[in-house]
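To keep things clear, I will list the structure first and then write my remarks on it.
The values are calculated or read from the model by the stated rules, or taken from the named source; none is laboratory data. Just so we're clear, the structure is a prediction, and the values are computed from it rather than from any experiment. Don't worry about glycine lacking a Cβ; one is built from the backbone with ideal geometry, like all the others, and counts go over all protein chains shown.
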């Protein structure tokens, strides 16, 4: 492993908790915050793309796959319930 990679791993481990995601009432690690904020951005992108006049099904499929992948990453990072809550809220709005 390179020295640069070793430093990057230490930064993630040593950085403690950070970030707040709207509607999620728990302390998040930097990685958990990354996954939930990414999921929020993807949900917003999906919502805005659905009304795009240049809508293409293949691109919506890619957005849906990105959302699913981020959900799986969130589950692996022990914040699956919070991620599912974000998705549940998105479905209630639509």
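Computed values, structure above
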| read-out | value |
| --- | --- |
| Those residues of region 72-85 which are surrounded by fewer than 18 Cβ atoms within 10 Å (Cβ to Cβ) and not in a loop (DSSP other than H, G, I, E, B), in sequence order | 72, 75, 76, 80, 81, 84, 85 |
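Let's see how each residue does on (1) at pLDDT below 90; (2) within 12 Å of the chain's Cα centre (by Cα); (3) surrounded by 12 or more Cβ atoms within 10 Å (Cβ to Cβ):
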{"position": "1", "(1), (2), (3)": "yes, no, no"}
{"position": "9", "(1), (2), (3)": "yes, no, no"}
{"position": "34", "(1), (2), (3)": "no, yes, yes"}
{"position": "59", "(1), (2), (3)": "no, no, yes"}
{"position": "88", "(1), (2), (3)": "no, no, no"}
